[in-house]
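Quick notes on the structure that follows.
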Amino acid sequence: MNLTSPFSLAIVAMTALAFLGLPIGHAMIAGSVLYLLLAGLDLATAAEQMLNGMYSNYIILAVPLFVLAAELMNIGSMTERLLRFCDAIVGRFRGGLAQVNVLQSIIFAGMSGSAIADAAGTGKMMQNMMTANGKYRASYAAALTAATAVIGPIIPPSIPMILYALVSDASIGYLFLGGVIPGLLMAAAQMLIVAIGARRENFPVEAPTPLRDLPRITWQALPTLMMPVVLLGGIYSGITTPTEAAAVAAAYALVISVLLYRSVSFRAFYKSVLDSARTSASIGMLIAGALVFNYVVTVENIPDGIKLWLEAWQLSPLAFLILVNILLLLLGCLLEGTTILLVVVPVLIPAAKALGIDLVHFGIVVVVNIMLGLITPPYGLLLFVMTRIANVPLRDIVKDTMPFLFAMIGALTLITLLPGLVLWLPRLLGYQG
């Protein structure tokens, strides 16, 4: 590559601006505008790409709606009732509270679509429950909460899957279906690590919830438990599109929290709307920057160049997937997941198509890799979130996270080697891929 070419200078500018603290979305826009200037192209192309991409992709509307739904669940008592239900189910076993942490993440995953929302929503509650009276080490509780939050965007709904669909044109409905079994597989891997740790560290056994109380606890949590049913049922029955389902999820969370549970003040509601707007704006700027930069990448013919390079190496589909896994896991140590999804993945998709790799399978592999990046140092965002919530040193959380990370990499290996784990459910419901 010519180091003085417009593309090289644009990459240098983007990297420098990002290191200087400019948000990555803004850095991508600035670097792309510099490329257009140096290449002698119309600078207005940047605005055209952003406007066309943002306004022609109806599915992007699902992102702020799922963010709002997660915020509304957090301010109400939906999360508390969910935790009581999970405790009644698995809290009676050795290490039961740790198993509750995994189970609540499986259920919460069917509501928010965001790993950060899952960690922020139940993280503090689980941290307090697990560390009360010295039951669990604070670093272990924080590490487990970070690891279980990874499941959130794998089991549908999923904001990363929406963004993958944006760059790949894969079906969101089938991507959501494809994430169910991999998400449950990763949860099973976490539960296995918890069970092993419970024996080794002699975790406490909680007082079992009397069976006579189980119907009452279930009834109190039922509106919360029904949210994934309402959300996914609407999508797969054809009643709603994924974007409309996101709106239904936000409205459902609001109605349950305000009218049924009566647990939301106006101040809390206002703050949740404000927080979701800020989060959505930051994601929106990142998408806008990626749209412009992807135009630059297309002009430079980078995807076709990579495809030809891989064809020259004569990689098999499996070898390509292994290479992608290694690449994304390494990038996850350094870059934010959405950046990888919007900038790096579009470059890999043409090669995946050329090798005959199913885009739904490829999408789930990509999303799992990106989610694992949230708990890989030094840039594991969930690690930083839990460091702040638990007030424990990052190195302690990283140490306790490693067994869960390795277990989930094992699950990722199975997902990569056995496409049927991803594609069985979509094909059951009509997917032809």
Q. Cα extents of the range 375-416 along the three principal axes, largest first, in whole Å?
A. 35, 16, 15
Q. Suppose R0 equals 30 Å; then what is the FRET efficiency for Asn128 and Ala281 from their Cβ-Cβ distance, rounded to the nearest 0.05?
A. 0.45
Q | Spatial separation of Cα centroids for the range 1-74 and the range 352-397, in angstrom | A | 22
Q: Mind giving me the FRET efficiency for Thr218 and Tyr58? R0 is 41 Å, r the Cβ-Cβ distance, nearest 0.05 is fine.
A: 0.65
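So, for the range 368-433, what is the accessible surface per residue at a probe of 1.4 Å, expressed in square angstrom?
47
Compare the peptides 199-210, 5-16 by average per-residue count of other Cβ atoms within 10 angstrom and give them in order, highest first. Mind dumping the intermediate values first?
Values: 199-210: 12.9, 5-16: 17.1.
Packing proxy ranking, top to bottom: 5-16, 199-210.
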Q.
Starting from the Kirkwood Rh over alpha-carbon pairs, what translational D in µm² s⁻¹ does the range 41-115 have by Stokes-Einstein at 37 °C and 0.692 mPa s?
A. 215
Q) Cα centroid distance between the range 258-337 and the range 211-248, in Å? A) 27
Q: Please report, largest first and rounded to whole Å, the three semi-axes of the ellipsoid equivalent to the range 275-433, where each semi-axis is the square root of five times an eigenvalue of the C-alpha gyration tensor.
A: 28, 21, 16
Q. Taking the Cα atoms of the range 6-91 alone, what are Rg (to one decimal) and Dmax (as a whole number) in Å?
A. 21.4, 65
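Remind me, what semi-axes does the chain give for its equivalent ellipsoid, largest first in whole Å, using sqrt of 5 times each Cα gyration tensor eigenvalue?
Gyration-tensor ellipsoid for the chain: 37, 24, 22 Å.
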Q | Rg and Dmax [Cα atoms of the range 35-178; Å; Rg one decimal, Dmax integer] | A | 19.8, 68
Q: Could you tell me whether the range 290-372 comes out rounded, prolate or oblate from its Cα gyration tensor? Rule is a ≥ b ≥ c as square roots of the eigenvalues, rounded for a/c under 1.5, then prolate if a/b exceeds b/c, otherwise oblate.
A: oblate
Q | Charge dipole of the chain about the Cα centre (unit charges at C-beta), most positive-ward option of Pro346, Cys86, Gly363 | A | Cys86
(Q) If I stretch the segment between Ser5 and Ile196 completely, what's the gain in nm (0.36 nm per residue apart, minus their alpha carbon distance), one decimal? (A) 63.3 nm
Q. Separation between the Ser263 and Leu417 pseudo-spin-labels, each 7 Å from Cα along Cα→Cβ, expressed in nm?
A. 4.3
Q. Pulled fully out, how much extra length does the chain show between Leu274 and Leu323, if you take 0.36 nm times their separation in residues and subtract their Cα-Cα distance?
A. 13.6 nm
Q: Take each of the peptides 315-328, 141-154, 92-105, 246-259, average the number of other beta-carbon atoms within 10 Å over its residues, and list them starting from the highest.
A: 141-154, 92-105, 246-259, 315-328
Q) For the residue pair Val205 and Met402, what label-to-label distance in nm results when each label sits 7 Å from Cα along the Cα-to-beta-carbon direction? A) 3.1
Q) Tell me, what is the FRET efficiency for Arg395 and Glu48 to the nearest 0.05, using R0 = 60 angstrom and their Cβ-Cβ distance as r? A) 0.80
Q. Going through the DSSP H helices of the chain, which span 27 Å or more along their own axis at the Cα atoms while scoring at least 0.0 as a mean Kyte-Doolittle hydropathy?
A. 180-201, 214-236, 266-299, 394-417
(Q) What does the C-alpha gyration tensor say about the overall shape of the range 265-325? Classify as rounded when a/c is under 1.5, otherwise prolate if a/b is larger than b/c, or oblate. (A) oblate
**Q.** Convex hull volume per residue for the range 136-285, taking Cα atoms only, in Å³
**A.** 176
Q. Percent of accessible area on the chain owned by carbon and sulfur, 1.4 Å probe?
A. 68
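Would you work out the relative contact order for the chain, in percent, from Cα pairs under 8 angstrom that are 6 or more residues apart?
25
The values are calculated or read from the model by the stated rules, or taken from the named source; none is laboratory data. As the structure is a prediction and not an experimental result, all values here were calculated from the model. Methodologically, a virtual Cβ is constructed for each residue, glycine included, from the backbone with ideal geometry; neighbour enumeration extends over all protein chains shown. Ligands, DNA and RNA are stripped out before the accessible areas are found, and what is left, the full protein with its side chains, is counted by its heavy atoms. Shrake-Rupley method; radii C 1.70, N 1.55, O 1.52, S 1.80 Å.
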